[in-house]
Amino acid sequence: MKHLGPVAGEDHGLTHKGGIVADLNQSLAENRRILRELLDTIRACETNWNQPAAPGKWSPAQITEHLARSLEESALVVRGTKNSFPVLPAFLRPVIRLFFLRILRKERLPRARTSRAFNPVTGSATAAAGAARLEAALLTLEQDCRTRVAGGLQVHSGIFGTVGVGDFARFQGLHMRHHHAQYTRIL
């Protein structure tokens, strides 16, 4: 996913921080590939849609709802509007941004707990409805990312501070991939 950089005089929404160069088009294409894998897995979970893998773990319905909420709220971040993500003190954001960049470099999210807004009690009634919700959420994020880049703007996150749109989109794909393993444990 690494590039040499943009063609002279062109801005492709590339971010050059920590040696990472994420192109928005590549990030979005990878997100769609991950989504296709998730949708196949979600459909395979139809018979145990509301059954968690173990006590205290999420069901496929809850995982899907968590991902859909995360993508929807991330689209709001990209738009620069009010969202449900926590807002960290400004002095912490550069430190957290280092973790963000490390995640992009290693292409792996650490284990972590989510905030209450992203911790669903239930999810969509069926796998098909959950899949449709997740697909719509990713489409919205993709459209908002393209609009943001067309305006020559970066993403201003209350968690990470200012990051490139391509990097922010790539992070969302890593988040989806991170949760894919939870589905496979349920199958």
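Among [x] 1.16; [y] 0.97; [z] 1.03, which is the computed Rg/Rh (Cα atoms, Kirkwood Rh)?
Calculated Rg/Rh (Cα atoms, Kirkwood Rh): the matching label is [y].
Could you give the accessible area per residue of the chain, probe 1.4 Å, as a whole number in Å²?
Values: 9940 Å² over 187 residues.
It amounts to 53 Å² per residue over the chain.
Testing the spin-label approximation: label points 7 Å from Cα along Cα→Cβ at residue 143 and residue 98. State their distance in nm.
3.9
Give me the angle, in degrees from 0 to 90, between the Cα long axis of helix 127-150 and the longest principal axis of the Cα atoms of the chain, rounded to the nearest 10.
10
In degrees from 0 to 90, rounded to the nearest 10, what is the angle of the helix 93-106 Cα long axis to the longest principal axis of the chain?
Its long axis makes an angle of about 70 degrees.
May I ask you to give the percent of accessible area on the chain that is carbon plus sulfur, with a probe radius of 1.4 Å?
Within the chain, the accessible surface is 55 percent carbon and sulfur.
Measure nothing but the geometry: give the 0 to 90° angle between the long axis through the Cα atoms of 165-186 and the longest principal axis through the Cα atoms of the chain, rounded to 10°.
Its long axis makes an angle of about 20 degrees.
Starting from the Cα of residue 113, step 7 Å along the direction of its Cβ; do the same at residue 132; then give the gap between the two resulting points in nm.
With each label placed 7 Å out from Cα toward Cβ, I get 3.5 nm.
Given the -39500 (n - 2.57) contribution per DSSP H run of 4+ residues, what per-residue ellipticity at 222 nm results for the chain, rounded to the nearest 500 deg cm²/dmol? Write out the running numbers ahead of the final one.
Details: 5 runs with 101 residues, N = 187.
Mean residue ellipticity, 222 nm, calculated: -18500 deg cm²/dmol.
About the Cα centre of the stretch 57-171, what is the dipole size in debye to 20, counting +1 per Lys and Arg Cβ and -1 per Asp and Glu Cβ, all else neutral?
My answer is approximately 480 debye.
Looking only at trypsin sites (Lys or Arg not before Pro) in DSSP loops with at most 13 other Cβ atoms within 10 Å, what is the longest site-free stretch of the chain? Kindly include the intermediate steps, with their values, before the conclusion.
On the way: sites that count: 2, 57, 82, 108, 111, 113.
The segment 114-187 is the longest one with no such site.
The values are calculated or read from the model by the stated rules, or taken from the named source; none is laboratory data. Being a predicted model, the structure only gives us computed values, none of them experimental. Neighbour counts run over all protein chains shown; Cβ positions are idealised from the backbone, glycine included. Ligands, DNA and RNA are excluded from the accessible area calculation, which covers all protein heavy atoms including side chains. Shrake-Rupley method; radii C 1.70, N 1.55, O 1.52, S 1.80 Å.
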